[in-house]
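The values are calculated or read from the model by the stated rules, or taken from the named source; none is laboratory data. What you are looking at is a predicted structure, and each value in this text was computed from that prediction instead of being measured. Here Cβ is always computed from backbone atoms with ideal geometry, including for glycine, and neighbour counts include all displayed protein chains. Accessible surface is based on the protein model in full, side chains and every heavy atom, while ligands, DNA and RNA are left aside. Shrake-Rupley method; radii C 1.70, N 1.55, O 1.52, S 1.80 Å.
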Amino acid sequence: MNKLLSTYGLTREPFTKDVAPSDMFQTEQLQEALQSLKAAIEGRTSAVVTGDSGCGKTCLLRALEEDLPQGRYRLHYAHNSTVNRRDFYRQISIGMGLEPHSSFAALHCSVSQHKLRVIIVLDEAHLLAIQVLEQLHILLNFEKDSKPWLSIILIGLPDLRETLKRNVLASLTARVPIRVLIPPLDADQVKLYIRHRMSTAGCRRDVFSDDALLLMSKATGGIMRRLDVLGEQCLVTALKTKSSIVDAAVVQRAIQSCGDALL
């Protein structure tokens with residue numbers, strides 16, 4: 001790894017998952033998505049965020065958490081979306097710092113003393129059982145001081161939108177008015193993304209050629225997580241061939257090395 005860093009003038013790994021919010025790549029779509037979520041929270045309402053796996057939904061959430069005023073909100077991130085209704089309420093209770101409760105009635109009794117605005121983020125929400133989704137509108141109905149006591153952000157793959165169109169979930173859909181869709185990066189954005197990741201890692205020159213970046217865009221469909229995997233492999237492949245530039249030939253070999261990781 002030290003050889004790779006020195007060859008390309010890097011101070012750290014450029015395509016790591018551990019990225020500070022201030023170093024995250026920003027597109028117009030992601031900035032608009034962030035503003036929509038902030039507006040939902042400030043307006044005491046809820047939102048749905050959908051996009052392909054690896055398109056930046058987690059980065060969006062981290063940017064949101066970083067941007068929220070300290071001491072006003074309590075954000076609880078729930079990533080286990082395969083729970084039943086009983087465990088769902090227990091999970092929310094624990095996330096809010098309360099004793100575990102297995103029903104809405106028990107949770108209702110405890111929450112009246114909660115002083116912070118609560119934001120519940122349900123990741124992988126496309127995996128939530130219908131029986132659990134049906135309970136969300138009950139949570140959103142509850143008001144404290146004549147205002148909703150929490151906001152719910154549902155994050156999932158695009159088929160979550162189709163699930164929410166079911167008649168049985170009409171009450172929930174009406175209470176989650178904000179819809180955010182995060183699209184893949186286009187070819188121009190891919191160029192900016194790769195160069196941004198390299199520059200924030202200390203690189204001061206263009207390592208990836210234009211034809212390499214175009215091929216990377218086609219191979220990954222503009223999905224940032226796939227770009228990270230392929231970008232790292234490109235640098236390793238170029239290093240093996242003692243090349244200081246990543247061109248289309250290097251990318252082609254890197255694609256073959258990545259295999260199913262780009263699917």
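Numerical summary
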| quantity | calculated |
| --- | --- |
| Label point distance in nm, K3-R72, each placed 7 Å from Cα along Cα→Cβ | 5.2 |
| Other-chain or far-sequence residues with amide H under 5 Å of V246's (modelled H) | F208, S209 |
| Accessible surface, 1.4 Å probe, highest first, among residues T220, T7, T241 | T241, T7, T220 |
| Apportionment of accessible area to carbon and sulfur, the chain, percent (1.4 Å) | 49 |
| Shape category assigned to the chain from the gyration tensor of Cα positions, a/c cut at 1.5 | prolate |
| Beta bridge orientation in the chain: antiparallel %, DSSP, nearest 5 | 10 |
| Sites S244 and K218 - FRET efficiency at Förster radius 30 Å, r taken between beta-carbons, to 0.05 | 0.80 |
| Theoretical ellipticity at 222 nm over the chain - DSSP helices of four or more residues, -39500 (n - 2.57) apiece, nearest 500 | -14500 deg cm²/dmol |
| Inter-part distance where segment 21-41 and segment 205-232 are each reduced to a Cα centre, Å | 23 |
| Sites excluded, trypsin sites (Lys or Arg not before Pro) in DSSP loops with at most 11 other C-beta within 10 Å, longest stretch of the chain | 18-71 |
| The chain - accessible surface per residue (Å², probe 1.4 Å) | 50 |
| Extension gain from R179 to E65, taking 0.36 nm per residue of separation minus the Cα-Cα distance | 39.2 nm |
| Theoretical gain in end-to-end length, A129 to V236 [0.36 nm per residue, Cα-Cα removed] | 34.3 nm |
| Derived scalar couplings ³J(HN,Hα) [segment 216-226; Karplus, 6.51 cos²θ - 1.76 cosθ + 1.60; whole Hz; x for Gly, Pro] | 5, 4, 5, 6, 9, x, x, 7, 4, 5, 5 |
